[in-house]
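The values are calculated or read from the model by the stated rules, or taken from the named source; none is laboratory data. Since we're looking at a predicted model, the values are computed, not measured. Cβ placement follows ideal geometry from the backbone for every residue including glycine, while neighbour counts extend to all protein chains displayed.
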Amino acid sequence: MSRNLILGAVLSSLILLAALVSFVWTPYDYAALDIPNKLQPPNAQHWFGTDHFGRDMFSMIMVGARTSIAVALVAVGIGMALGVPLGLTAAARKGSWLDEVIMRGNDLVFAFPSLVIAILITAVFGAGAINAIIAIGIFNIPVFARITRGAALSLWEREFILAARVSGKGAARISAEHILPNVANLLIVQGTIQFSLGILAEAGLSYVGLGAQPPTPSWGRMLADAQTMVSFAPHLALIPGLAIIVTVLGLNLLGDGLRDWLDPRIRVARA
Amino acid sequence: MTNQMLKSLASALALGASVFATGALAKSDITIAMQLEPPHLDPTSAAAQAIDSVVYTNIFEGLTRFMGDGSVVPGLAESWEISEDGTVYTFKLHDGVTFHDGTTMDAEDVKFSLDRASAEDSANAQKALFEGIESVEVVDPLTVKVTLSEPNGNFLFNLAWGDAVIVSSDSIENIKTNPVGTGAFTFGNWVQGDSITLIRNPDYWGDQPALEAATFKFISDPTAAFAAMMAEDVDVFDNFPAPENLAQFEADPRFQVLVGSTEGETILSTNNKKPPFDDIRVRQALAHAIDRQAIIDGAMFGYGTPIGTHFAPHNPAYVDLTGTSAHDPEKAAKLLADAGYEEGFETTLHLPPPSYARRGGEIIAAQLAEVGITAEIINVEWAQWLESVFKGKDYDLTVISHTEPMDIGIYARPDYYFQYDSLDAQTLMETLNATTDPEERKKLLGDMQRLISNDFVNGYLFQLPKLGIAKAGVQGLWQNAPTAAVDLTQISWSE
């Protein structure tokens, strides 16, 4: 196992742990206002200090991790659930009109700047975590469809697939029983990367006020709220900023490490 | 080095020296930053405060005008006489006043302006100001007689509003993009999305202002506002949007901070027709659930005066009624139980963009949660707020500052967006409008304040402060904002 993989796994599980623990315990109620104690720098009572309403930043970061992970997870889920079958179908019917329709549809979605469309969706259907998930999810579909189709196409040429066809299996069964297990590694790696992009997209959307609505904490909104106070309370921006960096860095290292670890060719070379 | 080059170098040096020489004199221009850009420049056809901030008393003048302390003094009218019964006002106009296009301002223009504002199809945003006008007669070029259907003690005050300025029929067509008034400054240039420049009017009828030119710059983002002020890109910020930064300006000798009051009553507007808020006990519970000081400290960093009714505390007729709706969560919970909401209820809270609303709203939602009311926060942009809340009346609660001066009369309008329909309030306002005696008016205004406070029509939060920031050498700025205005005629730089 590479150093990258271990470091990535540690950072990612740190954030995941914070999110999970926040369901049962946070140092303070994340929504409780304590205005007389506002804007405290990090100290023994408030490990990450307090925000402009006197709320405990540590508790908000923990619950904020929950929001980020939930949004990114479901968004990647939508992307996989719709993108992978589309990619498999396109590969199985290579060159047919169905392949054309699916892939050109993908190109169409790809052609739009994702965050701008996400803003459009949330502007039309209202701001909120659910709409943010849908907006981010839609743009994950072509990513997974493409990667699945690309990998599946080369598999369809292989002899074990030919053997399966000779034994009378249909295209759908072959896709599910032989192709999918062989592209799973690739999907896991891509899923990790998309997950980190989803976290960034959520932070971006909530920064402009279109993500999770108050009082639900979200890292992006914490950054936005901190904007005018950076000059005298830098921890307000530094802490959510660091949380986003740690998460995205962790997931990218994890994805990189997983790819190296799972890729049989590299494994053979190493051995 | 050739001679040619030496010559150009010498002239460049001379030019540099002359720039320094003028720099040593007092500056004669100023850059004033504001948060919002006006949609156009006609104060007589829109409610946008940003219009008045640019044009009031600078480009356009009315028969009377506000001073920085809120008093009403003669403007284009030199003097006036009021008939015994208080229904006929005879205004004597200043002689020798011309519009910026060179035409003379006379009684015909006054008649045109007032008739236009009070017309059936008038686009004026404050038509109520002109409702009592029965007729406007031109007696001679410098005398105009206004007849009211009934006495109106507020009439001279009403004429001081930016909505009542005198315009010319010759230039009315292009007023929105090329305003032509009688003021000490003429319209110079408008770079959309950036700035508006005004230039001193050499033919002004009154005293010449100290400034030769003024630029209004529009900076909507609070962070950019802070940066622009700190970098000294602008000389004045009319009303600084981020109260959290004021302490830094106060500590900096380069700047002066002018904390004053506006006419903005910041309230938790409540839809009085929509259950459960049609029940006075629920509204009273809201009022007792709110901790004003926490809102002022949390949302405004301590700037703002608590109010207990819809009236400005700096007004002599103000009655302090904050005690009626003191912070008392237990009483609030009991009132809710009496009204049949032991378990509380769910409602929505629409919040427009300014930080007093967004931050104040978050605090209010937390305070309501303490008595069992779950208020879902819905952040909206201005256009959406005007459309769904103000016009559509499709809301439960919203936080908003009512910045019009002396606007308690809105409580006599049952179709106004908070839908308070009270015969008592309507009769009281009618009596008030027909009263001219100052003492009697003060008493009636007190009664009106008590009535809406006891009916808990809205949650009364605080009077919006005016947070002005200027470079240390700027003099003559208004500390308070009796109306939205940046009175350039009074501004100068100290030597």
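Looking at this structure, is B:Ile307 over 19 Å from B:Glu404 (Cα atoms) and buried (at least 22 other Cβ atoms within 10 Å of the Cβ)? It is false that B:Ile307 is over 19 Å from B:Glu404 (Cα atoms) and buried (at least 22 other Cβ atoms within 10 Å of the Cβ). Here is the figure for the stretch A:122-147: residues that are without any contact (Cβ under 8 Å) to a residue 60 or more places away in the chain and aromatic (Phe, Trp, Tyr) total 1. Among the residues examined, B:Gln384 does not qualify as among the polar types (S, T, N, Q) and at positive phi. Residues that are touching a helix residue (DSSP H, G or I) at 6+ places or on another chain (Cβ under 6 Å) and in a loop (DSSP other than H, G, I, E, B) were ranked within the stretch B:404-422; the one that is surrounded by the fewest Cβ atoms within 10 Å (Cβ to Cβ) is B:Tyr416.
Summed over the stretch A:211-234, the residues that are surrounded by fewer than 24 Cβ atoms within 10 Å (Cβ to Cβ), touching a helix residue (DSSP H, G or I) at 6+ places or on another chain (Cβ under 7 Å) and either away from chain B (no Cβ under 13 Å) or not in a helix (DSSP H, G or I) (or both) give a count of 6.
Considering (1) surrounded by fewer than 24 Cβ atoms within 10 Å (Cβ to Cβ); (2) assigned to a helix (DSSP H, G or I), the lone condition that A:Leu205 does not fulfil carries the number (1). Checking each residue in the stretch B:339-367 for being more than 19 Å from A:Lys38 (Cβ to Cβ), within 14 Å of another protein chain (Cβ to nearest Cβ) and not hydrophobic (A, V, I, L, M, F, W, C) picks out B:Thr348, B:His350, B:Pro352, B:Pro353, B:Pro354.
Looking at A:Ile119, is it in contact (Cβ under 8 Å) with a residue 60 or more places away in the chain and either within 14 Å of another protein chain (Cβ to nearest Cβ) or in contact with a His (Cβ under 6 Å, 6 or more places away or on another chain) (or both)? Yes: the conditions hold for A:Ile119. Residue count for the stretch B:252-273, restricted to those that are among the β-branched types (Val, Ile, Thr), out of contact with any helix residue (DSSP H, G or I) (no Cβ under 6 Å at 6 or more places or on another chain) and more than 22 Å from B:Ile363 (Cα to Cα): 2. B:Glu265 fulfils the conditions (1) within 14 Å of another protein chain (Cβ to nearest Cβ); (2) of a type outside the set (Gly, Ala, Ser); (3) touching a His at 6+ places or on another chain (Cβ under 8 Å) except for a single criterion, (1). In the stretch A:49-91, of all residues being within 25 Å of A:Ala201 (Cβ to Cβ) and without any contact (Cβ under 8 Å) to a residue 24 or more places away in the chain, the one that is nearest to the other protein chains (Cβ to nearest Cβ) corresponds to A:Ala81. If the condition is being surrounded by 15 or more Cβ atoms within 10 Å (Cβ to Cβ), under 10 Å from A:Ser59 (Cα atoms) and within 14 Å of chain B (Cβ to nearest Cβ), then the stretch A:1-48 contributes A:Tyr28, A:Tyr30, A:Ala31. With respect to the conditions (1) farther than 25 Å from A:Ala145 by Cβ; (2) touching a Gly at 6+ places or on another chain (Cβ under 7 Å); (3) in a helix (DSSP H, G or I), A:Val189 lacks only one, and its number is (1).
When the stretch B:379-398 is filtered for residues that are at pLDDT 95 or above and either in a helix (DSSP H, G or I) or at the interface with another protein chain (Cβ under 8 Å from one of its Cβ atoms) (or both), nothing remains. Here A:Lys169 clears all of (1) surrounded by fewer than 17 Cβ atoms within 10 Å (Cβ to Cβ); (2) in contact with a helix residue (DSSP H, G or I) (Cβ under 7 Å, 6 or more places away or on another chain); (3) not in a helix (DSSP H, G or I) except the condition numbered (2).
Taking (1) touching a Pro at 6+ places or on another chain (Cβ under 6 Å); (2) in contact (Cβ under 8 Å) with a residue 40 or more places away in the chain in turn, A:Thr228 satisfies each apart from (2). Among the residues in the stretch B:276-284, are any buried (at least 19 other Cβ atoms within 10 Å of the Cβ), among the charged types (D, E, K, R) and touching a residue at least 12 places away in the same chain (Cβ under 8 Å)? Yes: one or more hits. Among the residues of the stretch A:43-87, the ones that are in a helix (DSSP H, G or I) and polar (S, T, N, Q) come to 3 in all.
Screening B:Glu370, B:Glu346 for residues that are over 20 Å from B:Pro275 (Cβ atoms) and over 30 Å from the mean Cα position of the chain (by Cα) leaves exactly one candidate, B:Glu370. Within the stretch B:242-258, take every residue that is among the acidic types (Asp, Glu) and farther than 18 Å from B:Gln479 by Cα and give me the one that is farthest from the other protein chains (Cβ to nearest Cβ). Going through the qualifying residues, I end up with B:Asp252.
Every test in (1) surrounded by fewer than 17 Cβ atoms within 10 Å (Cβ to Cβ); (2) within 14 Å of chain A (Cβ to nearest Cβ); (3) under 28 Å from B:Tyr416 (Cα atoms) is passed by B:Lys273 save one, and that test is (2). When the stretch A:122-154 is filtered for residues that are within 14 Å of chain B (Cβ to nearest Cβ), surrounded by fewer than 20 Cβ atoms within 10 Å (Cβ to Cβ) and either among the polar types (S, T, N, Q) or within 30 Å of A:Gly95 (Cβ to Cβ) (or both), only A:Asn131 remains. From the list B:Ala50, B:Ala46, the one residue that fits, being part of a loop (DSSP other than H, G, I, E, B) and either touching a Leu at 6+ places or on another chain (Cβ under 7 Å) or closer than 22 Å to B:His100 by Cβ (or both), is B:Ala46. If only residues of the stretch B:445-476 that are surrounded by fewer than 20 Cβ atoms within 10 Å (Cβ to Cβ) and among the aliphatic types (A, V, I, L, M) are counted, the one that is nearest to B:Met229 (Cα to Cα) is B:Ala472.
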